[in-house]
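Reading through the structure tokens given below for one structure.
The values are calculated or read from the model by the stated rules, or taken from the named source; none is laboratory data. This one's a predicted model, so the numbers in the text were calculated from it and none came from an experiment. Note that we place each Cβ from the backbone using ideal geometry, even for glycine, and neighbour counts take in every protein chain shown.
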Amino acid sequence: MGSMQTVTPKILVIDDVHANLKAMRVLLKDIAAEVVTADSGNNGLAMALEEHVTLILLDVNMPGMDGFEVAQLLSEMEETRNIPIIFITAFQHNEEQRLRGYSAGAIDYIQKPVSPDILLSKIQIFLNMWTLRFGLEQEISRRREIEKEIEYLAQHDALTHLPNRRQLHIEIERMIDRTTRTKEKFAVLFLDLDGFKRINDELGHEAGDAFLKDVADRFSSQIRSFDVIARYGGDEFIVLLSDLNDSLALTNRLKQLAAQAQQPLVGRE
């Protein structure tokens, strides 16, 4: 299994005053995170969408689009609605304004002039929470991938990647149910490769495996997307053909499959 992915958290600072942005960069230089900045609400929204931001420090009092409007828009977009926002404000807001900010997605307020110790302490708390959540999300993703792999291996032959015997039985049941409803006909073809043992005995199992994979690819290329081919075991394959109108159509399909198996296999270095 691959190792857990390491991602550096990213803090977005949105403030219309460039001096404030520069000061914030200096203040956050020792934080274990990448700092990106935007000098307007519009630019901040664009960066939040593009940069996979972990935390936003948002100035409330900006001309044009203020911090409340930016936070509201961020909360309305699926890609950004879960990014925590700390409002940075120069004014003492009343309770109604604070509630407006919280409802728009703010998780905290910090008053200007900013106390470095308070700001850094709060940022570290949120980064710690993000690290825990990110690790949990990665573990969930890793387990889902493992479950998918286990499910695939349970349903497919490891050599040819065709459905295996267990999955074939399920496919036969599905085809029976479907054709019973539609009154169509289907066929089950059993294909056994004559002389395969000789390949294994004279050329070795590696050559035998290469031959089986090649034949599986040839058979797969001859069936339609709604038909099924499975490896039943050893050199035995089962093909399920649906939507058959008459025996002539079945005979033609059999000839096509047989012709594919009889094509010479050219060895590769």
Quiz item: From the list Q222, Q167, Q260, which one is in contact (Cβ under 8 Å) with a residue 60 or more places away in the chain, of a type in the set (S, T, N, Q) and in contact with a helix residue (DSSP H, G or I) (Cβ under 8 Å, 6 or more places away or on another chain)?
Solution: Q167
Quiz prompt | Qualifying positions in segment 46-63 - under 33 Å from the mean Cα position of the chain (by Cα) and part of a loop (DSSP other than H, G, I, E, B) | solution = E51, H52, V53, T54
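So that you can scan it fast, the table gives a plain yes or no per residue for (1) assigned to a strand (DSSP E or B); (2) modelled with pLDDT of 90 or more; (3) farther than 30 Å from E145 by Cα:
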| position | (1), (2), (3) |
| --- | --- |
| M1 | no, no, no |
| V7 | no, no, no |
| D30 | no, no, yes |
| G44 | no, yes, yes |
| M65 | no, no, yes |
| Q72 | no, no, yes |
| E79 | no, no, no |
| E96 | no, no, yes |
Self-check item: Subset of segment 26-64 [within 24 Å of N128 (Cβ to Cβ), surrounded by fewer than 20 Cβ atoms within 10 Å (Cβ to Cβ) and in contact with a Ser or Thr (Cβ under 7 Å, 6 or more places away or on another chain)]
Solution: A33, E34
